[in-house]
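Below is one structure, written out as structure tokens; the observations come after it.
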Amino acid sequence: MSPLSNSEKQARHRKKEELQRFAEQCFREAQLGAFQHGANAPAMLAQIKQMADLPSGWTDADYEIAVERIQQLRMDLINPNNDLNNDVHDALGTFEEWGRAPDKAKFRKDADKAVQETRNLASHLISAVELTSLSNGERAAALVEALRHVGRSLANERPLRRSDANTVCLATLPPQYRRPDWFAESFAKYLAFRLGTEEAKDDLGQKILDYDFGI
């Protein structure tokens, strides 16, 4: 590769400065909603600034990936973090049981306590993940093993209420495990919502239809 000219070096320097300004802007915007994410927020905010520190010899592809990642983190932090709350309330049947609860104040207190304790456990798990020197792929393998562990217990739980968290845990299990009647609809909805219309219908749906089970 031939050496860069002075004008090319200046252009790269300006582009890197633009990325740093973009990261700073996203960081400030993300700070406004970071409180919703508890113990996870500092690491997510730090990643925004880290992504602006491009590697030596960075390429246009590196630059575009950094911009995309910064924007993803910004959106994660400014959007309400209701997934855990919803999963806990769905698993407890909070909205169904509310009307039948004789002591509404105690019922609400117990539900809030369940959410907080679940959030504390999630923070401990995330902290444990961050303390390891494992690669992201190895971390993913460990976490999915934990999902399978919980999924085996869920598969034998009766009655089992529908929630996204329960659905994902059940999805990690092999076919000898029974799943509730609502599983297929819940899993399809979960995937479609997160993938978006085009990828869910045109890509994933066709691949499921075309999958060779070797039967």
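Shown in residue order for the range 71-76 are the 3J(HN,Hα) couplings computed by the Karplus curve 6.51 cos²θ - 1.76 cosθ + 1.60 at θ = phi - 60°: 5, 4, 5, 4, 5, 4 Hz (x for Gly and Pro). Look at the dipole of the chain built from charges on Cβ: of Ala30, Ser123, Tyr211, the Cα furthest out on the positive end belongs to Ser123. The stretch between Leu125 and Glu97 holds 7.1 nm of extra length on full extension. This uses 0.36 nm per residue minus the Cα-Cα distance.
Only residues of the range 89-110 count here: report those whose backbone N is under 16 Å from the spot 7 Å along Cα→Cβ of Trp182, or say none. Residues passing the 16 Å test: 89-99.
Please work out how much length the chain gains when fully extended from Glu145 to Ala105, using 0.36 nm per residue of separation minus the C-alpha to C-alpha distance, in nm with one decimal.
Taking Glu145 through Ala105 to full extension adds about 10.6 nm, to one decimal.
Taking the chain as a Gaussian network, Cα atoms linked when under 10 Å apart, which of Leu19, Leu125, Leu195 shows the biggest mean-square fluctuation? Sorting by GNM fluctuation, first place goes to Leu195. Taking the convex hull of the alpha carbon positions in the chain and averaging its projected area over all directions gives 17.7 nm².
Centre-to-centre separation between the Cα atoms of the range 127-163 and those of the range 66-87: 21 Å. Taking a ≥ b ≥ c as the square roots of the eigenvalues of the Cα gyration tensor, an a/c ratio of 1.5 or more together with a/b no larger than b/c marks the range 105-182 as oblate. Sort the range 39-106 into rounded, prolate or oblate with this rule: let a ≥ b ≥ c be the square roots of the eigenvalues of the Cα gyration tensor; rounded if a/c is under 1.5, and if a/c is not under 1.5, prolate when a/b is larger than b/c, oblate otherwise. Here the range 39-106 falls in the prolate category.
Remark on Tyr177: its backbone amide H falls under 5 Å from none of the residues 5 or more positions apart or on other chains, H modelled at 1.01 Å from N.
In order along the range 89-96, phi translates into HN-Hα couplings of 5, 5, 5, 7, x, 3, 6, 6 Hz, rounded to whole numbers, per the Karplus curve 6.51 cos²θ - 1.76 cosθ + 1.60 with θ = phi - 60° and x for Gly and Pro. Student exercise: in the chain, how many lysine pairs 8 or more apart or on different chains have Cα atoms under 21 Å apart? Lysine pairs meeting both conditions in the chain amount to 5.
Any read-out appearing in this document is the output of simple, stated calculations on the displayed coordinates, not a laboratory observation. What you see is a predicted model; the values in this text were computed from it and never measured. Quick reminder, even Gly has a Cβ in these numbers, built from the backbone with ideal geometry, and neighbours come from all protein chains shown.
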